[in-house]
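Colleague: One structure, as structure tokens, below. Some questions next.
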Amino acid sequence: MDYNFAAVEKKWQEYWRNNTIYKVSIDQNKPKYYVLDMFPYPSGAGLHVGHPLGYIASDIFARFKRLKGFNVLHPMGYDAYGLPAEQYAIQTGTHPAITTEKNISRYREQLDKIGFSYDWDREVRTSDPDYYKWTQWTFIQLFNSWYNRKTDKAEPITSLVKAFEQGGSNAVEAACSEHPAFTAENWKAMSEVVQQQNLMHYRLAYLADTIVNWCPALGTVLANDEVSEGLSVRGGHPVERKSMRQWLLRITAYSDRLLKGLETLDWSDSIKDIQRNWIGKSVGGSIAFEVENHAGLIEVFTTRPDTIFGATFMVLAPEHELVKTITTAEQQAAVSAYIQRTKNRSERERMTEVKKISGQFTGAYALNPFNNARIPIWIADYVLMGYGTGAIMAVPAHDSRDFAFARHFELPIIQVVTSQGETLIDTKNWEESYDAKEGVLVNSDFLNGKTVQDAILSLIAAAEQRGIGSSRVNYRLRDAIFSRQRYWGEPFPVYYKDGMPYMLQEDQLPLELPAVDAYLPTENGEPPLARATDWQTKEGFPLETNTMPGFAGSSGYYLRYMDPNNKEAYFSKEANAYWQEVDLYMGGAEHATGHLIYARFWNMFLFDIGLTVKDEPFRKMINQGMIQGRSSLVYRVNPEKMAEYHLWEKLKNKGMGVEFIRDFKDGHRKFDFFSPEAKLIIEVRRVKSLEKLAHPYTEYAQKKGYRMLLIPVRDMLLEKEVVFEKVAALIAGKKVPEFEDKPALKIVPVFASKNIDGRAFFSDPIHVDISIVQNDILDIEAFKKWQPHWSDAVFLLEDDKYVCGWEVEKMSKSKYNVQNPDELIERYGADTLRLYEMFLGPLEQSKPWDTQGIEGVFRFIRKFWRLFFDDNQQLKVSDDEPNKAELKILHKTIRKVEEDIERFSFNTAVSAFMICTNELAELKCNKTAILEPLVLLISPYAPHLAEELWHALGHQDSVVKQDFPIWDETFLVENTFTYPVSFNGKKRFDLELPIDMPVKEIEKQVLGLEESAKWISDKGVKKVIIVPNRIINIVV
RNA sequence: GCCCGAGUGGUGGAAUUGGUAGACACGAAGGACUUAAAAUCCUUUGGCCAUUGCGGCCGUGCCGGUUCGAGUCCGGCCUCGGGUACCA
């Protein structure tokens, strides 16, 4: 009997649960450490082996930190609102809460089997009213706040009102949608409703008409990060642009802090880059242009104000409000037509047609404020209304898009920047624009001779002086659309009075999700909540019918874990002061532009209003890579192609004495094989098809004077020697019937093993379930059972085996390559699964799942076990004093494992365990003094095994509560070092020398060796490089 | 197009600061034990040449450079993966 993992794992999982081993509470005597996994959405499909990868890594780290004396917060919960459960509800009428509950229990069951050290008393679910009360509460705080640019933080809206009362709008610098000018007196004279309308421009949660991503298939609006390439990220449905009244969060107020905060975070550069690009800060200036014969000004945003003398035309977004008024009468029709055309295009069409240049001249001219040049005003949809001012000054010489536009519509191009030492060429002959932000200005009046950087500053200064422009910063980041026309989400704590939104009082929270009769919009197109009866306040005011998006609940869940059962507050001040922030956040990189930005924003806001002690929520983040599937393939033979292949193998390279051409074409006719020398055509086809073609082919051959052989596929496969004889006879000039009609063969599916000759030419790969393939060998009987319609299939084997091909691709049901953790746990145990997932490769890299390799880890676990137990399962440890060699192995391993965990190199730590076990087994070491620390060392990785061994060694308490072993340098020092001796950088032999031997002495020793003489020979020594305790290199 | 990241045996990967390339495992081949199987153990396993012993040559996507020494640093290119896309 071997190590009985099934019984052991069950025993200790129960022990941990019954003794609440992982329960954690505030302990001021210990340093805290917060390890968090990204919130999972419990999907109906359950976990596959890719999901727990990050959970295992974070669990190892959490366990390691516990052993290191930290008070570790390691919670888990569920992002329970989500589209799949609601889509299922729409189809079946099942309440999403029921589906979600079911999925959660399945998830929990799977998670429990892996042996995680979560404190489940802290579980949080976004759909739990006790939790979403605080999501709603935060929304109210956002509504009641504005962003003060002077203090650079969120402040209560009351302070804004006070400022307006005292100094009007000029007294305020705020993040806002609009900033109308009014005096204190104006403000006081406004009606309540007008005041509220004005305040809406400043609130951090606000209601506005905006262009939104409308997804008709899902019946809802989506945020920018929920849309990719014109399709919804979930489901892949087309998205349209539409104007709707929606709640938004003014995340743009935090653009700069979100950007700057990145510098302080211990995140991967790639995630930081993705966030930087998403926020998209660009520094430039805005300049106002007058329009000829028109009162309005057109303000443009540019990052290159220095190139203003090269502006040869101007482009407005088709939606720009001035388009209507500046367009001349002659151009009116053309402009309207263009606007109409761009409006009717879907977002996806617009994106795929990016390379197509389109635009329309308005007939109007703008005046360059610096030289009064008349520049034509165009509209084109390459200028977006949502960015900058929706208008650009086009400088075709120095912007590639403007360049392409100018070339297309034959507009002038003026060079204003030269690169160093450039000889000027007429722009007519340019092939591309010069976009680089370096060089010296020319053709630019007072900017001539200045560098680009200086010219930018000079021009902005000049514009400011004349009051026509200023420096300006723009962000790509948009305010987050916060309304969803869906049922399964948090209700807004909002009601409407006279069309104006008002917040519920805190004591009315949570506003619970009402029951509805169907999870669909109403006939009038209102969201599902409009179906709820009595969806109004006690006073009878209607409640908001939209719900909040998925990211609402996941933006602050990590804070709730600090104090999850608090009824009075989101979390207590004490809990937040103790746990502070997430020290290690483990999760996928796919949340870079969604959750990870929203959560940072949410946290910064709570920091501003004094709720949290940290402005950034996640100190360090590790993004685990994806685990890809390893699909198995069988090869279905195409009989016709196979017959052709075999014949060609015989005919090619004058195999039958004469040259043959393959795929011979004559006019519209095509034949498989043709020999000009023998004037012979050979065609291989199915009998049925030959019967039809025999006549026309024969006619053709007669006309051309060719001879012909029509070979049924069946003949080629069943009796190819006979066919070859016929061909030989024909070549020899003998008479052979052109076509012998025989009954067609019943078509049986044929599968060829991977390495059958020519397989690639005559077969097509088909995915096969990985559970019936072992070490790439197909279980043929299981295959026939799996696909009964292939039960009569014939298999072409190699060495009596069917060898499958394989491919690395996404793990998915349709590819039959999903590996489920439960099956593996049943077969190998959770510890093996944990170890193997780590052993697979670097945590952050994507890698294919390969079940074959798990055997090695399984062997290791049992080998480790056998260090403690003999073949009769008797404990065989001894209390003997360990020797030097054993101590060295132990301490080397402790050091390696600790260093590897610290740098999240879990795969190399597993190797270190293997090496250590191999070495100790070699020495037949069974000493407690060595083995006991090893049990502690391995406990974060294989907690069940470690707990069992720990108790077997006579301990009563849990291995979880112990201390991590400490390595001792003294056991590791060596007296000698084995130098690799190289000649010209090539290693030739080893040389063992005392560790403290001086360099001079080493040189003398090494040069005196007979071995060295061989390599030096007559070339002579040029130089000797000796790096103590590293290498010796001799240059000859 | 732009911005990241990665390319090492049949496979997953190791080499932490420029210092013995291929640790550890899988797979494969051969052997021991066994009536047999499983399990376990032993040997070989980057390629080529030599194999009578010593050995020798090549080799980390490609081309070039720096260096006594490059998988690692620099320049150029190729391929794959991720992000983003008229963002002015």
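The values are calculated or read from the model by the stated rules, or taken from the named source; none is laboratory data. The structure presented is a predicted model; accordingly, all values stated were derived computationally and were not measured. Using ideal geometry, Cβ is built from the backbone for each residue, glycine included, and neighbour counts are taken over all protein chains shown. We work out accessible area using only protein heavy atoms, side chains counted, and drop any ligands, DNA or RNA first. Shrake-Rupley method; radii C 1.70, N 1.55, O 1.52, S 1.80 Å.
Colleague: Report the one residue of A:Ala455, A:Val72, A:Phe61 whose Cα lies farthest in the direction of the positive end of the charge dipole of chain A (charges on C-beta: Lys and Arg +1, Asp and Glu -1; origin at the Cα centre).
Modeller: A:Ala455
Colleague: Considering the dipole of chain A built from charges on the beta carbon (Lys and Arg +1, Asp and Glu -1) around the Cα centre, which of A:Trp16, A:Met642, A:Gly667 is farthest to its positive end?
Modeller: Checked the options; the winner is A:Gly667.
Colleague: In Å², what does the accessible area per residue of region A:356-451 work out to with a 1.4 Å probe?
Modeller: Normalised by residue count, the accessible surface of region A:356-451 is 50 Å².
Colleague: Using only the alpha-carbon atoms, what does chain A span along each of its principal axes? Please give whole angstrom values in decreasing order.
Modeller: 101, 99, 84
Colleague: A further question follows. Rounded to two decimals, what ratio of Rg to Rh does region A:753-793 give with C-alpha atoms and a Kirkwood Rh?
Modeller: Taking Rh as the inverse mean 1/r over Cα pairs, Rg/Rh reads 0.98.
Colleague: Using a simple charge model, +1 on the beta-carbon of Lys and Arg, -1 on the beta-carbon of Asp and Glu, nothing else, what dipole does region A:320-383 show about its Cα centre, in debye to the nearest 20?
Modeller: Here region A:320-383 has a charge dipole of around 160 debye.
Colleague: Also, quick follow-up: Using the structure shown, list the pairs from A:Lys10/A:Lys32; A:Lys162/A:Lys188; A:Lys65/A:Lys272 with a Cα-Cα distance above 18 Å, or answer none.
Modeller: Cα-Cα > 18 Å for A:Lys10/A:Lys32; A:Lys65/A:Lys272; rest within.
Colleague: Something else about it: Taking only protein heavy atoms into account and a 1.4 Å probe, give the accessible area per residue of region A:610-701 in Å².
Modeller: 45 Å²
Colleague: First select every other residue whose beta carbon is under 14 angstrom from the beta carbon of A:Arg106; then total the charges, Lys and Arg +1, Asp and Glu -1.
Modeller: -1
Colleague: Report ³J(HN,Hα) in whole Hz for each residue of region A:457-466, in order, from the Karplus equation J = 6.51 cos²θ - 1.76 cosθ + 1.60 where θ = phi - 60°; Gly and Pro get x.
Modeller: Once θ is set to phi - 60°, the couplings for region A:457-466 become 5, 4, 5, 4, 4, 5, 5, 4, 4, 8 Hz.
Colleague: What residues have an amide H closer than 5 Å to that of A:Tyr41, excluding those fewer than 5 places away on the same chain, when H is modeled at 1.01 Å from N in the peptide plane?
Modeller: It is A:Asp79, by chain and number.
Colleague: I want to check the label-to-label distance for A:Glu574 and A:Asn344. Put each point 7 Å from Cα in the C-beta direction and report it in nm to one decimal.
Modeller: Label-label distance for A:Glu574 and A:Asn344, simple model: 6.8 nm.
Colleague: Sorted by average packing, counted as other Cβ atoms within 10 angstrom per residue and highest first, what order do A:109-119, A:828-838 take? Display every interim value, and only then the final one.
Modeller: On the way: A:109-119: 19.7, A:828-838: 25.9.
Ranked from most to least packed, the peptides come out as A:828-838, A:109-119.
Colleague: Now for a separate question. Considering the alpha-carbon set of region A:176-255 alone, what are its Rg and its Dmax in angstrom?
Modeller: In Å, with Rg to one decimal and Dmax whole: 16.7, 53.
Colleague: Return a single number: how many Lys pairs in region A:723-846, at a sequence separation of 8 or more or on separate chains, have alpha-carbon atoms below 23 angstrom apart.
Modeller: 18
Colleague: Antiparallel versus total DSSP beta bridges in chain A: what percent is that, nearest 5?
Modeller: If we restrict to bridges inside chain A, about 75 percent are antiparallel.
Colleague: At a 1.4 Å probe, what is the % contribution of carbon and sulfur to the accessible area of region A:484-613?
Modeller: Carbon and sulfur: 47 percent of the exposed surface of region A:484-613.
Colleague: Give me the one-decimal nm value for the distance between modelled label points at A:Ser470 and A:Asp968, 7 Å along each residue's Cα-to-Cβ direction.
Modeller: 7.1 nm
Colleague: Here is a follow-up. Which value, in Å² and to the nearest 10, is the accessible area of A:Arg827 when all protein chains are kept and the probe is 1.4 Å?
Modeller: My reading of the accessible area for A:Arg827 is about 130 Å².
Colleague: What does the charge dipole of chain A about its Cα centre add up to, to the nearest 20 debye, if the Cβ of each Lys and Arg holds +1 and the Cβ of each Asp and Glu holds -1?
Modeller: 2300 debye
Colleague: Here's something else I'd like to know. Suppose a student asked you for the relative contact order of chain A, using Cα pairs under 8 Å spaced at least 6 residues apart; what percent would you report?
Modeller: Worked out over chain A, it gives 12 percent.
Colleague: Ranked from highest to lowest mean number of other Cβ atoms within 10 Å per residue, what is the order of the peptides A:481-489, A:196-204, A:736-744? Intermediate values should be presented prior to the final figure.
Modeller: Details: A:481-489: 25.3, A:196-204: 19.8, A:736-744: 13.2.
Per-residue mean Cβ counts within 10 Å order the peptides as A:481-489, A:196-204, A:736-744.
Colleague: Using just the Cα positions, wrap region A:709-801 in a convex hull and report its mean projected area in square nanometres, one decimal place.
Modeller: Taking a quarter of the hull surface, the average projection is 7.8 nm².
Colleague: Another one. To make sure I understand the rule: partners must be lysines, Cα under 22 Å from the Cα of A:Lys324, and not fewer than 8 residues away in the same chain. Which ones qualify?
Modeller: A:Lys242, A:Lys343
Colleague: Taking the full set of protein chains and a 1.4 angstrom probe, give the accessible area of A:Val233 in square angstrom, rounded to the nearest 10.
Modeller: 90 Å²
Colleague: Hey, another quick one. Roughly what % of DSSP beta bridges within region A:660-785 run antiparallel, to the nearest 5? Mind showing how you got there, number by number?
Modeller: Numbers: 10 of 16 bridges.
Bridges in region A:660-785 that DSSP calls antiparallel: roughly 60 percent.
Colleague: While we're on this one: What 222 nm value per residue comes from the helices of chain A, counting each DSSP H run with n ≥ 4 as -39,500 (n - 2.57) and dividing by all residues, nearest 500 deg cm²/dmol? Let's see the in-between values first.
Modeller: Working: 34 runs with 362 residues, N = 1036.
Helix-only estimate at 222 nm: -10500 deg cm²/dmol.
Colleague: Then there is this: What net charge do the residues around A:Ala569 carry, taking every other residue with its C-beta under 11 Å from that of A:Ala569, with Lys and Arg at +1 and Asp and Glu at -1?
Modeller: My count for the surroundings of A:Ala569 gives 0.
Colleague: Between A:Ser336 and A:Thr978, what is 0.36 nm times their sequence separation minus the Cα-Cα distance? Round to one decimal in nm.
Modeller: Result: 222.8 nm gained on full extension.
Colleague: Another question, if that's okay. Decide, for region A:63-211, between rounded, prolate and oblate: order the square roots of the alpha carbon gyration tensor eigenvalues as a ≥ b ≥ c, take rounded if a/c falls under 1.5, and otherwise choose prolate if a/b is larger than b/c, else oblate. Spell out each step's value before the answer.
Modeller: On the way: a/c = 4.28, a/b = 1.98, b/c = 2.17.
Judged from the Cα gyration tensor, region A:63-211 comes out oblate (a/c at least 1.5, b/c at or above a/b).
Colleague: Continuing with this model, one more query. Considering the dipole of chain A built from charges on the beta carbon (Lys and Arg +1, Asp and Glu -1) around the Cα centre, which of A:Trp967, A:Gly261, A:Gly280 is farthest to its positive end?
Modeller: Result: A:Gly280.
Colleague: Looking at region A:212-259, which GluC sites (Glu not before Pro) are in a loop (DSSP not H, G, I, E or B) and have at most 12 other Cβ atoms within 10 Å?
Modeller: Working: sites: A:Glu226, A:Glu229, A:Glu240; in loops: A:Glu229.
Those satisfying the criteria are A:Glu229.
Colleague: Next up: Can you tell me the accessible area per residue over region A:801-841, all protein chains present, probe 1.4 angstrom, in square angstrom?
Modeller: Each residue of region A:801-841 exposes 42 Å² on average to a 1.4 Å probe.
Colleague: Same structure, new question: Please report the orientation-averaged projected area of region A:36-77, defined via the convex hull of its C-alpha atoms, in nm². Kindly include the intermediate steps, with their values, before the conclusion.
Modeller: Details: hull surface 12.3 nm².
Hull-based average projected area comes out at 3.1 nm².
Colleague: Could you derive backbone 3J(HN,Hα) for region A:191-199 from the dihedral phi with the Karplus parameters 6.51, -1.76 and 1.60 (θ = phi - 60°), listing whole Hz in sequence and x where the residue is Gly or Pro?
Modeller: Result, rounded to whole Hz: 6, 3, 5, 5, 4, 4, 4, 5, 4.
Colleague: Among A:316-326, A:31-41, A:331-341, A:987-997, what's the highest-first ranking by average C-beta atoms within 10 angstrom per residue?
Modeller: Going by the mean number of other Cβ atoms within 10 Å, highest first, we get A:31-41, A:316-326, A:331-341, A:987-997.
Colleague: Okay, moving on. For region A:77-131, give the magnitude of the charge dipole about the Cα centre (Cβ charges: +1 Lys/Arg, -1 Asp/Glu; no others), in debye to the nearest 20.
Modeller: 240 debye
Colleague: Given the C-alpha centroids of region A:960-1036 and region A:262-323, what is the distance between them in whole angstrom?
Modeller: Rounded to whole Å, the Cα centres lie 62 Å apart.
Colleague: May I pose another question? What order do A:Leu457, A:Leu840 take when sorted by accessible area (1.4 Å probe), most exposed first?
Modeller: A:Leu457, A:Leu840
Colleague: Find out how many positive minus negative residues lie around A:Gln536, taking Lys and Arg as positive, Asp and Glu as negative, among other residues whose Cβ is under 13 Å from that of A:Gln536.
Modeller: Once all neighbours under 13 Å are counted, the net charge is -1.
Colleague: I've got another one for you. A:Lys876: which aspartates and glutamates have alpha carbons under 20 Å from its alpha carbon, excluding same-chain residues fewer than 8 sequence positions away?
Modeller: Result set, ordered by chain and number: A:Asp2, A:Glu886, A:Glu919, A:Glu922, A:Glu932, A:Glu947, A:Glu948.
Colleague: Which residues does the label zone of A:Glu438 cover in region A:449-476, counting backbone N under 16 Å from a point 7 Å along Cα→Cβ?
Modeller: Counting only backbone N, you get A:451-455.
Colleague: Among the lysines, select those whose C-alpha is under 18 Å from the C-alpha of A:Lys437, and discard any that sit fewer than 8 residues away in the same chain.
Modeller: List returned: A:Lys281, A:Lys450.
Colleague: Filter the trypsin sites (Lys or Arg not before Pro) in region A:354-413 to those in DSSP coil with at most 15 other Cβ atoms within 10 Å of their Cβ, and list the result.
Modeller: A:Lys355, A:Lys356
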